[in-house]
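Contents: one structure, followed by commentary.
The values are calculated or read from the model by the stated rules, or taken from the named source; none is laboratory data. What you see is a predicted model; the values in this text were computed from it and never measured. Positions of Cβ are backbone-derived with ideal geometry, glycine not excepted, and every protein chain shown enters the neighbour counts. Each accessible area value is taken on the protein alone, full model and side chains, heavy atoms only, with ligands, DNA and RNA left out. Shrake-Rupley method; radii C 1.70, N 1.55, O 1.52, S 1.80 Å.
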Amino acid sequence: MKILIIHGPNLNLLGKREANIYGTKTLDEINALLKKLAKELKVELDIKQSNHEGGIVDLIQNSKQYAALVINPAAYTHTSIAIRDAIAAVEIPAVEVHLSNIHKREEFRQKSLIASVAYGQISGFGYESYLLGLRAAVSIANAKKSVS
Ligand code: DQA
């Protein structure tokens with residue numbers, strides 16, 4: 001089983017970027033933890049990062065080989081109908097993750113355009129949001145496999 005992780009814009013700066021909000025772990029460190037967990041869960045992982053809305057849409061459109069997606073759309077969470085529509089179009093279960101709890105931040109961050117097409121959302125657990133997201137994605141994909 002293959003899972004795709006998508007990191008959105010500015011997440012390549014993790015570790016240096018607003019560490020009081022997003023934590024001190026770099027994206028490479030988070031990716032290493034994700035790969036370690038994937039091994040434990042016996043799933044394959046592809047991990048991508050893009051600062052571009054269209055690049056993220058392309059990744060989602062080309063994700064048919066994956067059993068599930070884990071996506072942190074970052075700032076596009078709050079603005080991107082295109083990413084929302086791409087997730088709706090591919091019909092692959094998507095877990096939306098955020099390091100910070102977007103619901104207790106600025107008003108403009110409290111609205112997610114992605115949430116209504118995501119299987120579910122994990123928000124506010126720092127880098128652990130990704131690990132919880134991967135566990136959720138594997139569990140959803142396994143449940144889907146067992147009914148099909
Ligand atoms: C974020 C929250 C977004 O509002 C913000 O634009 C990000 C990161 C998070 O992981 O907490 O870049 O998605």
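Quick grid of which residues meet (1) under 30 Å from Ser146 (Cα atoms); (2) surrounded by fewer than 21 Cβ atoms within 10 Å (Cβ to Cβ); (3) charged (D, E, K, R):
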| position | (1), (2), (3) |
| --- | --- |
| Leu13 | no, yes, no |
| Lys16 | no, yes, yes |
| Ala32 | yes, yes, no |
| Val43 | yes, yes, no |
| Gly55 | no, yes, no |
| Lys64 | yes, yes, yes |
| Ile71 | yes, no, no |
Fill in: The listed residue being among the aromatic types (Phe, Trp, Tyr) and open to solvent by less than 80 Å² (accessible area, probe 1.4 Å), out of Tyr76, Tyr119
Tyr76
Worksheet item: Conditions: (1) of a type in the set (A, V, I, L, M, F, W, C); (2) surrounded by fewer than 21 Cβ atoms within 10 Å (Cβ to Cβ); (3) out of contact with any Lys or Arg (no Cβ under 9 Å at 6 or more places or on another chain); (4) closer than 19 Å to Ala143 by Cβ. Val90 meets all but one. Number of the miss?
Response: (3)
Worksheet item: Restricting attention to segment 18-30, and to residues there that are open to solvent by less than 60 Å² (accessible area, probe 1.4 Å) and not aliphatic (A, V, I, L, M), which single residue is farthest from Arg109 (Cα to Cα)?
Response: Thr26
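If you go through segment 11-29 one residue at a time, do you hit one that is outside any helix (DSSP H, G or I), under 24 Å from Ser116 (Cα atoms), small (Gly, Ala, Ser) and modelled with pLDDT of 95 or more? Quick ask: steps written out before the conclusion?
Residues of segment 11-29 that are outside any helix (DSSP H, G or I), as a first pass: 14-18, 23-26.
Okay, now just the ones that are also under 24 Å from Ser116 (Cα atoms), so none.
Looking through segment 11-29, none of the residues is outside any helix (DSSP H, G or I), under 24 Å from Ser116 (Cα atoms), small (Gly, Ala, Ser) and modelled with pLDDT of 95 or more.
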